[in-house]
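Rule-based calculations on the coordinates, nothing more; no lab input. Model, not experiment: these values are computed from the prediction. Positions of Cβ are generated from backbone atoms using ideal geometry, with glycine treated the same way; all protein chains shown enter the neighbour counts.
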Amino acid sequence: MFCFMNKLPLYARRIPEFKKRVVRMKWNVKTMPKWWPGVKDKWVVVSEGDSWFDFPLKSLTEYFGLALKKLIGLQGFSIDDKTNVIDHLATDKKLDLQLLRIERSGDVSSELAAAEPDQRGGVKEKDYPSATLTMVLKEREIAKHMDLILLSAGGNDMVNHAQKHSIQDYNGQWSTSCDPEALKNEAQKITDNFVAALKIRDQYAPQACVITHSYCNAIHTSRGTPVVFDLTAVKRLVDFLVPFFGIRWLEPVMKTMGINIKGEYTLDHEAHLHQVFDKHHWPKNEGETVHPERAAFIQLMLETLQAAMLQIPNKYHAQTGKVLTRFEFIDIFHECQAPEYWTDYIHLNTKGYSKVAKHFRARMQDAMAGRYTQYNAPDPIQAAS
């Protein structure tokens, strides 16, 4: 898609469009003089992940969101709003990317290794299935030029699993009111999917560098939904825009996030994770402050995933017999440790994602400068001691 009013660099959402852009760019670089307008060898990048790359529903609402923003002031859903990591990277003046975005809010880690869209987890995945990394890299004209693969996944897996299998009835102490082994087992499944994605990289685009990240320790707010709007005054306009754009499916999706685009004022203050805590009689939150017992469990959940992610190089070696190279893990666990960086109980706000994007930019620049570093996870035996 082309940028609106030149506010965004070029990026694509669909494989055929991206393939044409890559081929055209490489042909121009090879055959045209360097001084010719528009001739530049940009980094070829694909991003795949969950809502940290797509929040909120950016893969499905970009132009509709832009219309709502310009006409009625609705913020957050348009192509020129920077509400996730990739938005910040795509608009970073220090980067020049030929970018394909295949992330989808709600996706789980199995999507990283799926041959075809697995149609589970992602928002509207059944009706509008997103592409997969395998589908992208099977395109030879893309794979041979691929420079960077940006991955983000695991948060949805851990939260969903914690809700169903780890959080138990509160018995007076958080550490005995949960199942930590269930969290460990789920974290191992997540890292299996990351290793599978690395093997896909090895098969189709071995020269590409894979960059992924940890999640920040998210303990600061119990607020569940990030957006609150009263659209009553513009009901007629919204009623016109929805059928005009032909996306009535957007109504129930946005309502789950606290917006009824039919004009009614709705808001869900409860985060789903905290609803599960309530169900199991954990100590109540006060206002938006997370109770220390709940915060301790959330930290354990994220630390468990962090520990498993650190072992990806070891797991890769065990499965392939090769040392993992061209892989970068960005540890941001202790970043954004203040409420000012958070939108809700699992997502950062623009200020927070900007901090995370700066870490990505530095790693991307290092990789493209040829400074690939072998990531050495701590020895598990020494770490345990």
Placed amide H near Val210: partners under 5 Å, 5+ positions off or other chain: Ile149, Phe327, Glu328
Burial order of peptide ranges 117-124, 48-55, 27-34, 342-349 (average beta-carbon count within 10 Å, highest first): 48-55, 342-349, 117-124, 27-34
From phi via Karplus (6.51, -1.76, 1.60), per-residue ³J(HN,Hα) for the stretch 159-167 in Hz, x at Gly/Pro: 5, 4, 5, 4, 4, 8, 10, 10, 6
Percentage of interatomic Cα-Cα distances in the stretch 14-60 larger than 16 Å: 54
Segments 173-183, 290-300 sorted - mean Cβ within 10 Å per residue, highest first: 290-300, 173-183
